[in-house]
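Comments concern the structure below.
Just so it is clear, none of the values below were taken in a lab; they were calculated from the coordinates. Predicted, not measured: the structure shown is a model, and the values here were computed from it. For neighbour counting, all protein chains shown are included, and Cβ atoms are generated from backbone atoms with ideal geometry for every residue, glycine included.
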C-alpha cells in the first residue's frame, strides 16, 4: 500500500486495551472537529465528529473529547482490535467548506 | 455501490505536460473537494466546490485548476506540472449543509512528476 506518512507519532497498544489518540488544533473559531481513519493504501474514512459547543461525543467503541480551553481533541477507542491499526487524523472545520487536517498518528495494535 | 472514483490511480509524467485527474461520485453530493497528501504534512486542501459552477481555493491552490460543470464530476487540472506537485491526491465528496461532516474519499491518485 501507499506510505502515507514518515516520522509520524506512533502509538502501540495491546489488543483489547483502550487507545487514546491526541490532537492539538489551532483555530478557536472552528465549529466542528472530525476524526478520520486511514488504512494503508486507502483514502481516509470518517469516524466521528463533534461540534464546538460540546465536550464529549460517543459512537460505537469510540469517544471524542474536546477541551477548548487548551485546544485539545482526543479520540478514545475501546477494546482496540487489529482492524483498528491505521493512521488517525484529526481535522478542524474553520468554515463551512474548509477542512484543515492534523499530521496524523499511527496506531499499531499488537495481537 | 456508493463511491468516489478517481482516474488514473497512478501516473508518471514529465514537467510541463498538462494532465487531468478525474473524480466522480454517485451519491448526488453537492460538495466536492481535492486534497494532496505528503509525508509528514498530512492532507492539505487544494480546491473545493459547494455545487455546480461554484468553486473556491483551499490552502494550497497554486498550480492547480478545477471545474464543476456537472454535479457528479470534479476534475483536477495541472496545466504545467512541476516536481513539487509529486504527491498522493484524494478527491472527496459529502452533502452540503453546515452539520454534514462525513466526507467520502476516493482511493487516491499517486502522481509523480519528473
Problem - Residues B:50, B:27, sorted so that the one with the fewest Cβ neighbours within 10 Å comes first - result: B:27, B:50
Problem - Alpha carbon centroid spacing (whole Å) that separates segment A:5-37 from segment B:19-52 - result: 22
Completion exercise
The extension gain from residue B:18 to residue B:53, computed as 0.36 nm times the residue separation minus the Cα-Cα distance, is 10.4 nm
Completion exercise
Proxy exposure order for B:79, B:62, A:39 (fewest C-beta within 10 Å first) is B:62, B:79, A:39
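So how do B:99, B:29 line up by other beta-carbon neighbours within 10 Å, fewest first? Display every interim value, and only then the final one.
Numbers: B:99 10, B:29 22.
Ranked by crowding around the Cβ, least crowded first: B:99, B:29.
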Fill in the blank from the handout: At q = 0.20 1/Å the base-10 log of I(q)/I(0) from the Debye formula over the alpha-carbon atoms of chain A is -1.06
Problem - nm² value of the averaged projected area, convex hull over the Cα atoms of the protein assembly as shown - result: 12.1
Handout entry: Label-point separation in nm, residue B:11 to residue A:69, each point 7 Å along Cα→Cβ
Key = 5.0
Fill in the blank from the handout: So, with points 7 Å from each Cα along the Cβ direction, the residue B:86-residue B:112 label distance in nm works out to 0.8
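Is the shape of chain B rounded, prolate or oblate, going by the alpha carbon gyration tensor and its root eigenvalues a ≥ b ≥ c, with a/c under 1.5 for rounded and a/b larger than b/c for prolate?
The shape class here is prolate.
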Problem - Shape metrics for segment A:61-107, restricted to C-alpha atoms - Rg then Dmax, Å - result: 12.5, 35
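Per residue of B:91-98, count partner chain C-beta atoms within 10 Å of its C-beta, then hand back the mean as an integer.
Other-chain Cβ atoms within 10 Å of each residue's Cβ, averaged: 2.
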